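What follows is one structure encoded as C-alpha cells, with my remarks underneath.
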Amino acid sequence: MNSIVPIFILFILLVASITTTVVILHSSIHSLQLSYQGDIAKVNEHIQTVQSQQSNYVQQVKTLTKLVSESLNATDEYIHNITNAVSETQDVINQDMATVQDIQDNQSSLMAVQFAGMFTILVILVSGYHLSQHLRHMHSPVVQRKIMAVLWMTPIYSLSCWLSLVFESAEPYLAVIREFYESYCVYMFFFLP
C-alpha cells in the first residue's frame, strides 16, 4: 500500500496540476477572446467609419462630377451662343459695310458725273462764246476757220468724256471719236499760217 499512496498522491498532484493548467489556460484563452473581441469590435467600428466616409466621398465625387458636367455644358452653350452672336454681328456688319460702300460708290460716281457735267457745260459755253465771236468778226476766214476747228476740240472732248462717265459701255466708241478729232486738230495746227 505504501507504493500506492505515493502514486495516488502523484496522480492527484498530476491531476491538480493539469486542472490548474487547464483553468489557467481557460482563463487566458477567455481573456484573449475578450481582448480579441474588443479589438475585432474596434476594427469593425473602424471599417464601418471608413465605409461611411468612403460612401460620403463617393457621393461627393458624384455631386462634383455632376456639377462640373453641368458647368461644362453651360459653358459650351454660352460659348456657342457667343460665337453665334459674333458671327451674326459680323455678317450684319459686313452687309452694312457693303451697303455703305455701294452708297459711297454711287455717290462718288454721281458726284463725278455732276462735276464733269457742270464743267462740260461751262466749257461748251466758253467755247461757244469764242466761236460766236469768231463768226461775228470774220476778218480772215482762212485762218479763222482753222482756229474755229481747233476751238471745237474742247467741247467735243469734254462732251465725249462726260458721256463716257454716264454711259460706261459706250466709252470705247466715244474714245474713237475723241482720238479722231484730236488728230484732226493736230492736222489743223500744221496748216495754220
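The values are calculated or read from the model by the stated rules, or taken from the named source; none is laboratory data. Given the structure is predicted, the values throughout are model-derived calculations rather than measurements. Cβ coordinates were reconstructed from backbone atoms using ideal geometry, including for glycine residues, and neighbour counts include every protein chain displayed. Areas reflect the complete protein model, heavy atoms only, side chains present, ligands, DNA and RNA absent. Shrake-Rupley method; radii C 1.70, N 1.55, O 1.52, S 1.80 Å.
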> How long is the gain from Val23 to His137 if the chain were fully straight, where each residue apart is worth 0.36 nm and the alpha carbon distance is subtracted?
Replying inline: 24.5 nm
>> Over the Cα atoms, compute the radius of gyration (one decimal) and Dmax (the largest Cα-Cα distance, rounded to a whole number) for the stretch 1-53, in Å.
In response: 22.2, 75
> Hey, how many Å between the Cα centroid of the stretch 159-190 and the Cα centroid of the stretch 48-80?
Replying inline: 83
> Working out 0.36 nm times the residue gap between Leu110 and Phe189, then minus their Cα-Cα distance, what length gain in nm do you get to one decimal?
Replying inline: 24.8 nm
> Residue by residue, what Karplus-based ³J(HN,Hα) values in Hz, rounded to whole numbers, does the stretch 87-100 have, using 6.51, -1.76 and 1.60 with θ = phi - 60° and x for Gly and Pro?
Replying inline: 5, 5, 5, 4, 4, 5, 5, 4, 5, 5, 5, 5, 4, 5
> Could you give the dipole magnitude of the chain about its Cα centre, charging the beta-carbon of Lys and Arg +1 and that of Asp and Glu -1, in debye to the nearest 20?
Replying inline: 380
>> Need the full-extension length gain, Val58 to Leu174, defined as separation in residues times 0.36 nm minus the C-alpha distance. One decimal, nm.
In response: 32.9 nm
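Once Rh is set to the Kirkwood radius over Cα pairs, what Stokes-Einstein translational diffusion coefficient, in µm²/s, holds for the stretch 110-183 at a temperature of 10 °C and a viscosity of 1.306 mPa s?
On the way: Rh = 13.3 Å.
D, rounded to a whole number, is 120 µm²/s.
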>> Name the residue from Phe115, Val100, Gly128 whose Cα lies farthest towards the positive end of the charge dipole of the stretch 73-182, charges +1 on Cβ of Lys and Arg and -1 on Cβ of Asp and Glu.
In response: Gly128
> Between Gln37 and Ile79, what is the spin-label point distance in nm, taking each point 7 Å from the Cα along the Cα→C-beta axis?
Replying inline: 6.3
> Among residues other than Leu135 whose Cβ falls under 15 Å from its Cβ, what is the net charge (Lys/Arg +1, Asp/Glu -1)?
Replying inline: +3
>> Quick check on the stretch 1-143: what does the Kirkwood estimate of hydrodynamic radius come out to from the alpha carbon pairs, in Å?
In response: 28.9
> Could you give the semi-axes, largest first, of the ellipsoid that matches the stretch 71-147, computed as the square roots of 5 times the alpha carbon gyration tensor eigenvalues and rounded to whole Å?
Replying inline: 69, 8, 4
> Which angle from 0 to 90°, rounded to the nearest 10, does the C-alpha axis of helix 171-190 make with the longest principal axis of the chain?
Replying inline: 40
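How much accessible area per residue does the stretch 56-193 have, counting only protein heavy atoms and a probe of 1.4 Å, in square angstrom? Write down the numbers at each step before the final one.
Values: 10710 Å² over 138 residues.
Here the per-residue accessible area is 78 Å².
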